[in-house]
Amino acid sequence: MSAFLSQLRTELALTSRQGEQLLVSLGIPLLVLVFFSTVDVLPTGTDEPVDFLAPGVLALAVMSTAMVSLGIGTGFERAYGVLKRLGASPLPRTGLVSAKILAVALVEIVQLTILAAIALALGWEPH
């Protein structure tokens, strides 16, 4: 179990160091939510644009995080030769994959918490 936790800790540290991943995970969804909630340019059909935007931005955040962590993260690992080294680690492949999945899930929980708090501050009233 300690090897799994060590791999999970490493995955989270790598995620926090990759600026591209942080930008797509939190920066862009936050910018979309705040900008389009405060500027009246979208035909939302609701009184508050944030009521229309918040669910879509939350879905965008989840999908972009999953795709970016898979694409960009794996690309970095391949470029630096990490994937070859991970194959020789004592942690089985299921442990490696599970650590990646749990790291992405933890990032998404933090991301959704921040986005939901911002949406609520902007006046979102979920039904």
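The values are calculated or read from the model by the stated rules, or taken from the named source; none is laboratory data. Source: prediction; values computed, not measured. For neighbour counting, all protein chains shown are included, and Cβ atoms are generated from backbone atoms with ideal geometry for every residue, glycine included. We work out accessible area using only protein heavy atoms, side chains counted, and drop any ligands, DNA or RNA first. Shrake-Rupley method; radii C 1.70, N 1.55, O 1.52, S 1.80 Å.
In the stretch 20-35, the qualifying residues are those that are open to solvent by 50 Å² or more (accessible area, probe 1.4 Å) and either among the small types (Gly, Ala, Ser) or out of contact with any helix residue (DSSP H, G or I) (no Cβ under 8 Å at 6 or more places or on another chain) (or both), and the one that is farthest from residue 61 (Cα to Cα) is 35. Just one of the listed residues (2, 6) is at pLDDT 85 or above, hydroxyl-bearing (Ser, Thr, Tyr) and surrounded by 12 or more Cβ atoms within 10 Å (Cβ to Cβ), and it is 6. The numbered conditions (1) outside any helix (DSSP H, G or I); (2) on the phi < 0 side of the Ramachandran plot; (3) modelled with pLDDT under 80; (4) surrounded by fewer than 15 Cβ atoms within 10 Å (Cβ to Cβ) are all true for residue 44 except (4). Given 102, 91, which one is outside any helix (DSSP H, G or I) and either modelled with pLDDT of 85 or more or over 20 Å from residue 16 (Cβ atoms) (or both)? Unique residue meeting the criteria: 91.
Scanning the stretch 102-110 turns up no residue that is in contact (Cβ under 8 Å) with a residue 60 or more places away in the chain, more than 23 Å from residue 31 (Cα to Cα), surrounded by fewer than 14 Cβ atoms within 10 Å (Cβ to Cβ) and not small (Gly, Ala, Ser). Tell me, which residue of the stretch 111-127 that is open to solvent by less than 80 Å² (accessible area, probe 1.4 Å) and without any contact (Cβ under 8 Å) to a residue 60 or more places away in the chain is nearest to residue 2 (Cα to Cα)? For the stretch 111-127, the residue satisfying everything is 112. One residue alone among 53, 33, 23, 5 is within 21 Å of residue 99 (Cα to Cα) and among the hydrophobic types (A, V, I, L, M, F, W, C), and that residue is 5. So, in the stretch 74-88, of the ones that are open to solvent by 40 Å² or more (accessible area, probe 1.4 Å) and not in a helix (DSSP H, G or I), which residue ends up nearest to residue 26 (Cα to Cα)? Here the answer is 80.
The set of residues in the stretch 54-73 that are open to solvent by 40 Å² or more (accessible area, probe 1.4 Å) and either at pLDDT below 80 or in contact with a Ser or Thr (Cβ under 9 Å, 6 or more places away or on another chain) (or both) comprises 70, 71, 72.
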